[in-house]
Amino acid sequence: MIRFAHFNFNVLDLEKSIRFYEEALGLKVVRETELSNAKIVYVGNDTSDFALELTQLHGRTQPYDLGECEFHLAFVTDQYDAFYKKHKEMGVILFENPEMGIYFIGDPDGYWIEIIPTR
C-alpha cells in the first residue's frame with residue numbers, strides 16, 4: 001500500500017504564506033521542523049491526512065522560478081460559493097473556467113491552487 005503524505009511549495013516569506021493558507025483555505029499549522037538551512041511548516045486540516053509543506057530556505061531572497069506554472073494543487077469543497085466570494089474579495093483569483101465550473105487562486109509566491117465544487 002502507498003498513500004500521499006504531502007506536497008512541497010518553497011516560499012520566500014513563511015509567515016505571509018501561513019497567513020494566506022489560513023485565511024484563504026482554512027489550513028492550520030500541523031507540525032514544524034527547524035533545520036540548519038531551512039524552516040519547514042506543514043499546513044492541513046482535519047478532513048484529510050494530506051499536508052502542504054511550506055519550506056523557507058534561510059537566506060533566500062529571490063523569488064522562485066515557477067516556469068510556466070503548469071502544475072497546481074487542487075481542493076474540493078462543498079462551500080464553493082462561499083470560497084469564491086472570499087477569494088474574489090481577497091483579490092486572489094487568477095483564472096476562472098465557467099465551462100468546467102472551477103477557478104484558480106494564486107498564493108503569495110505565485111503557486112496556483114484549483115478550487116473545485118463537490119459534484
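The values are calculated or read from the model by the stated rules, or taken from the named source; none is laboratory data. Not measured: the values here are computed from a predicted model. Neighbour counts run over all protein chains shown; Cβ positions are idealised from the backbone, glycine included. SASA here: full protein model, heavy atoms, side chains in, ligands and nucleic acids out. Shrake-Rupley method; radii C 1.70, N 1.55, O 1.52, S 1.80 Å.
The sole residue among ALA74, ALA82 that is open to solvent by 60 Å² or more (accessible area, probe 1.4 Å), among the aliphatic types (A, V, I, L, M) and not in a loop (DSSP other than H, G, I, E, B) is ALA82. (1) in contact with a helix residue (DSSP H, G or I) (Cβ under 9 Å, 6 or more places away or on another chain); (2) in contact (Cβ under 8 Å) with a residue 40 or more places away in the chain; (3) under 29 Å from ARG3 (Cα atoms): which one isn't true of VAL76, the others all being true? The failed condition is (1). Can ARG3 be described as basic (Lys, Arg), assigned to a loop (DSSP other than H, G, I, E, B), out of contact with any helix residue (DSSP H, G or I) (no Cβ under 9 Å at 6 or more places or on another chain) and open to solvent by 30 Å² or more (accessible area, probe 1.4 Å)? So ARG3 fits the description; yes. Somewhere in the stretch 102-110, is a residue open to solvent by 40 Å² or more (accessible area, probe 1.4 Å) and modelled with pLDDT of 95 or more? For the stretch 102-110, residues open to solvent by 40 Å² or more (accessible area, probe 1.4 Å) and modelled with pLDDT of 95 or more: present. Inspect the stretch 51-64 for any residue being in contact with a Ser or Thr (Cβ under 7 Å, 6 or more places away or on another chain), of a type outside the set (Lys, Arg) and in contact (Cβ under 8 Å) with a residue 40 or more places away in the chain and give the result as yes or no. Yes, there is a match, as at least one residue in the stretch 51-64 is in contact with a Ser or Thr (Cβ under 7 Å, 6 or more places away or on another chain), of a type outside the set (Lys, Arg) and in contact (Cβ under 8 Å) with a residue 40 or more places away in the chain. Contact map, the stretch 91-119: residues that are more than 13 Å from ALA74 (Cβ to Cβ) paired with residues that are in a loop (DSSP other than H, G, I, E, B), Cβ distance under 6 Å, separation 6+ or inter-chain. Pairs shown: GLY106/VAL92; ASP109/VAL11; GLY110/LEU66.
Scanning the stretch 64-82 for residues that are within 23 Å of THR47 (Cβ to Cβ) and either among the charged types (D, E, K, R) or under 14 Å from the mean Cα position of the chain (by Cα) (or both) turns up PHE71, HIS72, LEU73, ALA74, PHE75, VAL76, ASP78, ASP81.
Where strands (runs of 3 or more DSSP E) fall entirely within the stretch 9-68, those with at least 1 residues that are open to solvent by less than 70 Å² (accessible area, probe 1.4 Å) and aromatic (Phe, Trp, Tyr) are at 38-44.
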